[in-house]
Every structure is written in structure tokens, then in C-alpha cells.
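Below is one structure, written out as C-alpha cells; comments come after it.
The values are calculated or read from the model by the stated rules, or taken from the named source; none is laboratory data. Being a predicted model, the structure only gives us computed values, none of them experimental. Backbone-built Cβ (ideal geometry, glycine too); neighbour counts: all protein chains shown. Remember, those area values only see protein heavy atoms, side chains included, never the ligands or the DNA or RNA. Shrake-Rupley method; radii C 1.70, N 1.55, O 1.52, S 1.80 Å.
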Amino acid sequence: MIEKFPASFIYEPPRILGKVLAPDEFSYLTELPRGLPSSSVVLHVSCQTLTVSHIPVLAQKILQALDIDFTTIGGPENCCGSFQWHMGENDYEKQIATLSMSNFRKVKPVTVISTCPDCDASFARHKSAQHTFNHTNILEIFGANIEKLKPLLKHRVERRVTLHYHPEGEARQRDGMNMKALLAAVPGLEILDAPRSVGLGGHCVVQLGTVQPDVTQAMFLEAKSLGATDIIVPYHGCYRQNCKHQLTYDVEVQHYLGILAQSMGLEYDEPFKTLRMLDDLDKAMDHLRPRIEELNFNEQEVRTYVKASVYV
């Protein structure tokens, strides 16, 4: 169980930073309008994924390239309630998760896919008979469509990589296998055997104790000794917690969707990493100032959220 903190601390940083960091073309629905057509897939963008904005952006682009019919629903308004569960507020988690799943039902989806493993777990705890859709991590749908994806992987990605994954539970094990299968299909990519790349728990979260300095150091030192150019990660939390170590070990951290996008020829930016690699909060704010002014946001508020969510 983690220490309790206000809901504003959970929801406001991704709400604000998600708008500051995401490209203008990225959008999602919070409340579904009347008359919206049904959709076979709901892409659920978790609130915390919004701060690592290239992940949901690439999720949308790759689903579009695969010609998969989907509706994107997300933001704090469609939270899974996992923070409340981790704080021991189980009834509150159930209320939040049930409200979000009721929103999903409005488009009669066959499948709901999440970009966050905590969302997978929270929705699974409270899914009932009325929730007739299948709920999985987004890795599942990409793994199921790997044969459709392979012809789109036209560009060689000449990188030597290790794969970071979390084997806690069957769902996370499937995620690891799907990620490896997807990346094995990328031409030019060399996947190295790296036993120290295994993460703790379900994903990398400091508050849950699944980020430990000795484990992180061993992973990066192993990658360095193997001559790896990159460590590939499956989840936004793993990306967020490990990006900063590029500065120490000179091994790049990439989300698996970034590798797929490179092979598909999809252009994208990594604004979270851009800010973190500056390694200076003042420089990060200088970089963001034009966008903050464009959105008419309070700079001090944004600075607080950058410090808390990016400089972790």
C-alpha cells in the first residue's frame, strides 16, 4: 500500500502536461457524445500515459495503419482507479473503474485495449457480466495482428537491443512474449539475451517499490557490456523511470512502439525524453515556454508538474 495523497496530485499533472507535450493532431474523447457510431475497439489512454505522449500518439497511428476500427477514450475522466486501490481505497477504485467501463459500453466494443498495465488490472478486478467486451493490454492486439503488421515493417532498424519486461502474472508474461515477437519481426533489429533486464513487480513504479537502484544498475551495465545501443521497454512507467539513465550509461531507452514506428516510417517526437535529457528544470521550462503561453497555462503550475512527473 502506498501513502495517500490528494486526487489533484494524481490527475492534474497528466491533464496539464498531456496538453503541453502532445502534438496538436492527438485527441481523445472523455465523454462520448450521443449518436456516436459503435466501434469494435476502444483504445483506452490512461491518465498517466498522457505525460509520455508519444506512446498514445503512436498507438493511434499504428492502429490506423492496421486498418483497425477504434475509438480513443481517456484522460483522468476515464481513470481505472488503480491509485485508489494502491492506497487501500478499494470501494473508491470500484466506483471509478465501473464509471469508466460504463463509458466504454456506449460504443459497444468487442475489445478494450489499455496502454497501462495498472489499468488492465483494475478493470479486471471490477469487470462484471454487463461488461461484455474483452479487455487486454494493447500488446495483445498488436500481437494478434502481427501478420498484418509484418508487411508494414519496411525500414531496417539497425540497433542492438535488450528487452526489459515484467514477468509478474500471466498477463505481464504475455506482454513480454508479444513484445519480443513484434520486435523480432523488425528488419535489422538484433535482440540480445539479457537476463538482468527482468523488472520487478508488474511495471516500474517508485511508490510500489518496483524501481530499485541495484536492479536498474545491473540492467544498464549488462546492456552496456553486451554492446547494446538500446533498452526496449513495454510500459510508460518503465520508460519514464529509465530515460534519465541514458545520461549515465549512454544506452538509449525506447518504448517498443517507437521501434515499430521507425520500421513503419512513421514520424514522431519524444517530448518527455527531450525535456529529461536537458537534465535541467530551468532549461526544460525555457523549452516549454512558447507552448505554455500558446495554451495560456500558468507557468509555475506547469513547472511544478514537470518537476514531479518528468524529473523523476
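What the table below lists for this structure:
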| quantity | calculated |
| --- | --- |
| In region 40-63, the residues that are in a loop (DSSP other than H, G, I, E, B), of a type in the set (S, T, N, Q) and touching a strand residue (DSSP E or B) at 6+ places or on another chain (Cβ under 8 Å) | Ser40, Ser46 |
| Cβ-Cβ under 8 Å pairs, at least 6 apart or on other chains, region 183-198 side on the phi < 0 side of the Ramachandran plot and assigned to a strand (DSSP E or B), far side surrounded by 18 or more Cβ atoms within 10 Å (Cβ to Cβ) and among the aromatic types (Phe, Trp, Tyr) | Val198/Tyr165 |
| Residue tally, condition surrounded by fewer than 22 Cβ atoms within 10 Å (Cβ to Cβ) and assigned to a strand (DSSP E or B), over region 91-123 | 1 |
| Every residue from region 247-263 that is open to solvent by less than 30 Å² (accessible area, probe 1.4 Å) and either out of contact with any Ser or Thr (no Cβ under 8 Å at 6 or more places or on another chain) or free of Cβ contacts under 8 Å to residues at least 24 places away in the same chain (or both) | Val253, Gln254, His255, Tyr256, Leu257, Gly258, Ile259, Leu260, Ala261, Ser263 |
| Qualifying residues in region 64-90 (those that are outside any loop (DSSP other than H, G, I, E, B) and touching a residue at least 60 places away in the same chain (Cβ under 8 Å)) - the one nearest to Leu149 (Cα to Cα) | Ala65 |
| Answer residue from region 29-88, given it is acidic (Asp, Glu) and under 18 Å from Lys19 (Cα atoms) and is modelled with the highest pLDDT among those | Glu77 |
| Candidate set from region 43-53 (those that are open to solvent by less than 10 Å² (accessible area, probe 1.4 Å) and closer than 19 Å to Asn242 by Cα); member that is nearest to the chain's Cα centre (by Cα) | Thr49 |
| Top-ranked residue in region 1-24 [being touching a helix residue (DSSP H, G or I) at 6+ places or on another chain (Cβ under 8 Å) and in a loop (DSSP other than H, G, I, E, B); ranked as most open to solvent (accessible area, probe 1.4 Å)] | Met1 |
| Meets criteria (open to solvent by less than 40 Å² (accessible area, probe 1.4 Å) and outside any loop (DSSP other than H, G, I, E, B)) for Leu221 | no |
| Counted residues, region 156-181 - those being open to solvent by less than 30 Å² (accessible area, probe 1.4 Å) and within 16 Å of Asp230 (Cα to Cα) | 6 |
| Yes/no for Ser40 being open to solvent by less than 10 Å² (accessible area, probe 1.4 Å) and in contact with an Asp or Glu (Cβ under 9 Å, 6 or more places away or on another chain) | no |
| Residues satisfying the stated conditions in region 224-263, i.e. more than 18 Å from the chain's Cα centre (by Cα), in a helix (DSSP H, G or I) and β-branched (Val, Ile, Thr) | Thr248 |
| Matching entry among Leu266, Leu288 (being assigned to a loop (DSSP other than H, G, I, E, B) and either open to solvent by 50 Å² or more (accessible area, probe 1.4 Å) or in contact (Cβ under 8 Å) with a residue 40 or more places away in the chain (or both)) | Leu266 |
| Candidate set: region 191-207, residues that are out of contact with any Leu (no Cβ under 7 Å at 6 or more places or on another chain) and among the small types (Gly, Ala, Ser); chosen: the one farthest from Gly227 (Cα to Cα) | Gly202 |
| Unique match (being of a type in the set (Val, Ile, Thr) and open to solvent by 70 Å² or more (accessible area, probe 1.4 Å)) among Thr304, Thr229, Thr216 | Thr304 |
